[in-house]
Amino acid sequence: MENFIIIPFTVGLIYLTLVLIYRFVKWVRGLSKLDKLRLVQSFKIRRMLRSLKEVFYEGLLHRKIFRKNPVLGYMHMSLAFGWFLLIVLGHIEVMAARRSLLVPFYLPVFFRYFETGTTFFASGIFSFLMDFFLLIVLSGVALAMLKRFKKQLFGMKKTTRLKTGDRMALTSLWLIFPLRLLAEGMSAELYGNGSFLTSSVGHIIGSFSSESTNLVLWTAYSCALGFFFAALPNSRYMHIPTEVLLIFVRNAGIRLKKRNNTYTDIQVFSCSRCGLCLDNCQMAAAGINHAQSVYILKNIRNNNLTDEQLFNCLLCGKCEVDCPVGINTIDLRITQRIESTLQYNSSYNYLEDLPARKASTIYFAGCMTHLTPGIIASMKTLFHMAGENVWFMDEEKAPCCGRPLMLAGQHDAASKLIVNNTRKILGSGAKTLVVSCPICYKVFREDYELGNVEVLFHAEYISRLIREQIILPGKTTTRIVYHDPCELGRGMGMFEPPREVLRATGKVIPVKNEKQMAHCCGGSLGNLKISQQERAVLRNQAVKDYQQYLPDVLATACPLCKKTFARHRGIEVMDIAEIVVSSIRKSAEVVPVKASVKEEAFAEELV
Amino acid sequence: MEDFSFLNPGSRQIDFDNFDDRLLLYVLEYEPSFVTCISCGGCTATCSAGNLTNFNVRKIGLWLRRGETEKLSQEIEKCMFCGKCTLVCPRDINIRNVILLIKKRISELKTENQPV
Ligand code: SF4
Ligand code: SF4
Ligand code: SF4
Ligand code: SF4
Ligand code: SF4
């Protein structure tokens with residue numbers, strides 16, 4: 001028999017194996033000492049089983065894509081899982097035929113070429129199953145071809161652009177299974193070793209059948225395989241093996257810590273360029289089509305990431321929600337920003353150590369709240385009603401919280417502001433820090449070390465006041481649509497407290513795009529490149545969506561969102577603090593409340 | 001005392017051959033909106049850094065136009081990137097990006113050992 005047909009396949013496979021070993025070793029060695037220790041410690045049976053389960057569900061079945069889009073999910077599953085079953089079953093078949101557990105690695109691939117006509121235990125069932133799985137894989141390939149040309153059928157608006165390495169891999173991948181079908185069909189016609197699919201194909205092409213055409217077809221099949229394996233490391237299909245590594249590394253608890261390490265590479269190579277993140281990204285509406293996560297990942301891999309792309313992203317986090325591979329797109333991008341701005345962090349040596357005032361509660365409004373005086377006035381009223389001993393820390397002078405610098409990648413500069421603010425907060429002896437800006441909230445919770453000081457978002461603070469009946473807002477029939485600010489919702493996972501507060505004052509209408517899928521208002525400080533005109537497009541898009549629900553008021557919990565929406569003349573927008581205070585005032589006129597509270601409420605109006 | 005430049009003893013003559021446009025051209029290339037600045041000072045009035053020190057964003061724009069690279073390299077440090085200026089600007093200028101670009105270009109010039 002002509003053994004040379006296995007050569008292209010074998011060469012490709014050996015090359016691929018060597019590249020994979022080289023890369024995996026390089027990546028694991030590049031992790032920090034602590035991370036390596038984490039990885040070693042994660043090799044426990046239960047954790048391994050969990051990781052293996054995830055590999056099975058996400059790497060083979062692609063459950064997350066299924067949930068998002070069944071047709072696309074089927075396409076990925078039929079290719080990955082179908083191929084996987086072909087390999088596994090092929091090996092079992094050969095073992096059954098040879099009655100041995102040790103079989104040459106190439107034999108399952110070319111079994112129907114070499115094994116002509118012998119029958120063995122359950123050989124009929126095997127060939128039926130092999131045909132069946134081949135059919136499934138072929139249906140996946142057909143869908144993939146269809147998707148390239150008619151992506152709308154898949155509910156996708158966009159699909160990613162290809163480069164040469166990907167084209168080569170894609171073409172060979174598309175050829176592998178049709179060639180296999182033809183080759184097995186021809187062999188089935190010649191030797192009668194096929195089942196329902198290959199035999200029928202054999203009949204159709206029967207008139208061409210000869211030993212030499214058979215040889216040509218099998219050689220072509222082997223070449224397609226070899227070519228695919230050789231092209232894989234430099235194409236997006238590198239994501240298939242890398243994703244397995246990513247799952248194990250991630251489940252070991254390894255994360256990026258503000259600087260690049262090989263975990264960056266592992267994530268970058270795990271991106272399958274499925275393009276689901278493109279569909280979630282709002283920026284396309286404003287004509288920004290070069291800076292989405294999938295392109296950033298690709299550019300990091302190709303070493304050609306520009307500032308214009310890197311900084312043109314709202315950091316809204318919507319792409320992260322649906323990424324089937326679970327790539328931390330936000331962390332990854334902020335880390336690239338940190339790396340790219342390392343040379344020009346500020347020292348802020350003009351910052352003075354201004355004295356702290358003793359108080360039990362601190363209120364930090366933040367720069368953005370200073371642009372929305374209505375929120376500050378409402379917060380003052382609420383503190384007054386609660387009889388709180390509060391120090392308004394940045395009423396006159398205080399540095400920014402540092403989050404905008406973090407978003408711009410200037411981590412070292414931000415830590416200068418953090419040190420200054422921390423000293424004052426601790427110096428005041430306060431037990432609680434209340435903030436009314438989600439941008440501040442995120443940095444206070446994640447990057448400040450404040451010991452026992454409890455950091456409360458104003459929504460939590462207000463809902464506590466309502467529960468303890470310290471304030472009594474009156475419920476009306478006002479229709480409220482609540483806009484989840486990105487930094488608070490997806491950023492901090494806080495969805496309920498603001499809604500709880502609003503439910504005490506009116507009717508909160510559920511909307512389709514809320515919580516994890518909420519719009520970005522377009523005002524985000526994360527984007528340093530977007531123009532005001534482009535921001536307006538995003539804002540209008542969000543407002544238009546909310547207006548369908550005919551709200552009396554659009555509520556939000558972020559001064560920047562409020563400021564952004566307020567520029568749209570067609571909708572009334574209020575912060576939750578303002579809504580609560582106005583509702584207390586209205587109800588104080590009708591419902592009898594504690595006289596003192598009522599009086600104070602009106603006295604505050606003069607503030 | 002505040003430097004209002006009234007008592008500037010140097011020559012007021014502008015020599016276009018010696019005009020240092022390295023930063024200005026760079027900023028205009030990547031943030032063309034800067035060209036519409038009317039020096040109204042709205043940004044300065046709201047500036048968080050200006051509230052803590054004598055930093056003046058409007059002057060950053062003026063110096064950028066005059067090619068005062070050295071002064072810029074000292075002052076630009078002070079901005080805290082809070083973004084208030086961008087929100088109040090009547091000409092919708094993306095001032096945060098202007099500042100990012102200036103910082104980046106200055107640090108590039110420094111690494112290239114060019115005078116700043
Ligand atoms: S980042 Fe995630 S969602 Fe986007 S293309 Fe890559 S794998 Fe798909
Ligand atoms: S974070 Fe938001 S703006 Fe940035 S790429 Fe993802 S979806 Fe688009
Ligand atoms: S995050 Fe925004 S609002 Fe909060 S302090 Fe900083 S700049 Fe200001
Ligand atoms: S607010 Fe805008 S237009 Fe006015 S000085 Fe500042 S940048 Fe120029
Ligand atoms: S971003 Fe900089 S210049 Fe603008 S207001 Fe904030 S501190 Fe001032």
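Each reported figure results from applying straightforward, stated rules to the coordinates on display, with no laboratory input. All figures in this text were calculated on a predicted structure; none of them were measured in a lab. All Cβ positions, glycine included, derive from the backbone under ideal geometry; neighbour counts span all protein chains shown.
Things worth noting here:
- Cleavage-rule hits, trypsin sites (Lys or Arg not before Pro), region B:75-109, DSSP coil, Cβ neighbours within 10 Å at most 16: B:ARG91
- Long hydrophobic helices in chain A, taken as whole DSSP H segments with a C-alpha length of 15 Å or more on their own axis and mean Kyte-Doolittle hydropathy at least 0.0: A:6-30, A:70-98, A:123-149, A:164-191, A:211-231, A:239-251, A:373-385, A:576-590.
- Expressed in units of 2.2 N^0.38 Å, where N is the residue count, the Cα radius of gyration of region A:124-245 is 1.21.
- Stretching the chain fully between A:MET48 and A:THR116 yields a gain of 20.4 nm (0.36 nm per residue, less the alpha carbon separation).
- Long pairs among A:LYS515/A:LYS544; A:LYS397/B:LYS71; A:LYS380/A:LYS562; A:LYS424/B:LYS59; A:LYS562/A:LYS586; A:LYS26/A:LYS163, criterion Cα-Cα beyond 27 Å: A:LYS424/B:LYS59
- When each of A:LYS298/B:LYS103; A:LYS68/A:LYS150; A:LYS318/B:LYS84; A:LYS33/A:LYS257; A:LYS529/B:LYS104 is checked by Cα-Cα distance, pairs over 20 Å: A:LYS298/B:LYS103; A:LYS318/B:LYS84
- Counting only Cα atoms, region A:416-554 measures 49, 45, 20 Å along its principal axes, largest extent leading.
- Averaged over the residues of peptide A:368-374, the number of Cβ atoms from other protein chains lying within 10 Å of each residue's Cβ is 2.
- Cα pair count fraction exceeding 29 Å, expressed as % - region A:2-235: 37 percent
- Loop-located trypsin sites (Lys or Arg not before Pro) across region A:40-146 with a Cβ neighbour count of 14 or fewer within 10 Å are A:LYS44, A:ARG99, with loop assigned by DSSP.
- Look at the alpha carbon pairs under 8 Å that are at least 6 residues apart: their mean separation over the length of region A:255-340 gives a relative contact order of 42 percent.
- Relative contact order %, chain A, counting alpha carbon pairs below 8 Å whose residues are six or more apart: 12 percent
- Over region A:471-606, Cα pairs under 8 Å with separation of 6+ residues give a relative contact order of 31 percent.
- Placing one equal scatterer on every Cα of chain B and applying the Debye formula, the log10 ratio I(q)/I(0) at q = 0.13, 0.17 Å⁻¹ is -0.51, -0.87.
- About its Cα centre, the dipole of the protein assembly as shown is roughly 1020 debye, where the only charges are +1 on Lys and Arg Cβ and -1 on Asp and Glu Cβ.
- With the biggest extent put first, the Cα atoms of region A:504-571 measure 38, 25, 21 Å across the principal axes.
- A viscosity of 1.306 mPa s and a temperature of 10 °C, combined with the Kirkwood radius over Cα pairs in Stokes-Einstein, give a translational diffusion coefficient for chain A of 57 µm²/s.
- For residues of A:392-398, the mean tally of beta carbons on other chains within 10 Å: 1
- 10 Å Cβ neighbours from other chains, averaged over peptide B:72-82: 6
- Max mean-square fluctuation residue, GNM over chain B, Cα-Cα springs under 10 Å, options B:ILE76, B:ILE106, B:ILE38: B:ILE38
- Based on DSSP H segments of at least four residues, each scored -39500 (n - 2.57), chain B has a per-residue ellipticity at 222 nm of -13000 deg cm²/dmol.
- Built amide H within the under 5 Å cut-off of A:LEU433, gap 5+: A:ILE362, A:GLU454, A:VAL455, A:LEU456
- Applying a DSSP loop filter and a limit of 16 other Cβ atoms within 10 Å to the trypsin sites (Lys or Arg not before Pro) in region A:262-367 leaves A:ARG357, A:LYS358.
- Region A:277-341 - Kirkwood radius from inverse mean 1/r over Cα pairs (Å): 11.8 Å
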